[in-house]
1. Sum -39500 (n - 2.57) across every DSSP H segment of at least 4 residues in the chain, then divide by the residue count to get the 222 nm mean residue ellipticity, nearest 500.
2. What FRET efficiency comes out for D155 versus C133 if R0 is 22 angstrom and r is the Cβ-Cβ distance? Round to the nearest 0.05.
3. Relative to the present Cα-Cα distance, how much length would full extension add between S126 and D192 at 0.36 nm per residue of separation?
4. Under a Cβ-only charge scheme (Lys and Arg +1, Asp and Glu -1), can you give me the dipole magnitude of the stretch 8-150 about the Cα centre, in debye to the nearest 20?
5. Over 32 Å between Cα atoms, which of K69/K158; K42/K187; K78/K158; K42/K69; K13/K42 qualify?
6. Set the Förster distance to 22 Å, then compute FRET efficiency between L100 and S51 from the Cβ-Cβ distance, nearest 0.05.
7. Just subtract the alpha-carbon distance of E70 and V143 from 0.36 nm times their residue separation and send over the number in nm, one decimal.
8. If I model a spin label at D61 and N170 as a point 7 Å from the Cα along the Cα→Cβ vector, what separation in nanometres do I get?
Amino acid sequence: MNIVLLGAPGAGKGTQAQKLVEEFGFAHISTGDLLRAAVSAKTKLGIQAKSYMDAGKLVPDDLVISLVKERLDADDAKNGFILDGFPRNTAQAVTLDSELAAMDRRLDAALLVSVEPDVIVKRLSSRRTCRNCGYTAPAGVDVCPRCGGEMYQRDDDKPETIQHRLDVYNTQTAPLIEYYKGHSILKEVDGDRPVDEVYADVRKLLSLAC
Ligand code: AP5
């Protein structure tokens, strides 16, 4: 199954993706994680991307698209993937469709995780992320429960950047909701409930329930 996760920053896309990956073994393609890895490795791409990410702006399409193409070609993505954080605008969505068509593949679902902005701001201000594996948890968790790595606060989870990321989402990414409605693959889940309740609905919506 090939899935795109949509939703505002902090809606819980990464959290739901982690659960789907653990249960079903899909490849998890998170452009945020790929970009953060490039930044910490100080690759040419990471150096170019860092200032955009710190400011809460979208990284230029050509940089992100090349990363995603490479990941879609990897063996682990051949049996199903979850795209988390990509596409982020219509140009990326159109490119994704044509790349998949060239591989004789297609998207099965675009899952929108919906959460109100005031909840988002609270979640992101208190989020901690594992420096090693990208696992996320609310503040208070200092050691990653998955790999034992150090939990830290992302630079773009500071209050001044969060509002800008929400504005970018509303102007550039939210139009994809209509785009995927038009392709008849949009599904929506209420993300403002306990993680496991959201996940139970995600499984149902994706017809993954036993
Ligand atoms: P990215 O890493 O993709 O960030 P994002 O979309 O802003 O999403 P987040 O990872 O912040 O949120 P999430 O929805 O995954 O929430 P999470 O599950 O962690 O992108 C970062 C930057 O990279 C961008 O700003 C841009 O610069 C660049 N970038 C990335 N992709 C790009 C692209 N395609 N094009 C251009 N630039 C790109 O949950 C958040 C918190 O809430 C956690 O603490 C979690 O524990 C908690 N939580 C989750 N679910 C629940 C729940 N149900 N109840 C209570 N708490 C919950």
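1. Dividing the helical sum by the residues of the chain leaves -14000 deg cm²/dmol.
2. 0.75
3. Length difference between fully extended and current span is 22.2 nm.
4. 480
5. Details: K69/K158 30 Å; K42/K187 37 Å; K78/K158 36 Å; K42/K69 21 Å; K13/K42 26 Å.
Among K69/K158; K42/K187; K78/K158; K42/K69; K13/K42, the Cα-Cα distance tops 32 Å for K42/K187; K78/K158.
6. Step by step, r from the Cβ atoms, then E = 0.10.
7. 23.2 nm
8. Going by the 7 Å Cα→Cβ label model, 2.4 nm.
Quick note: the coordinates plus some simple rules give every number you see, no bench work behind them. Values in this document were obtained by computation on a predicted structure and should not be read as measured data. Virtual Cβ from ideal backbone geometry, glycine too; neighbours counted across all protein chains shown.
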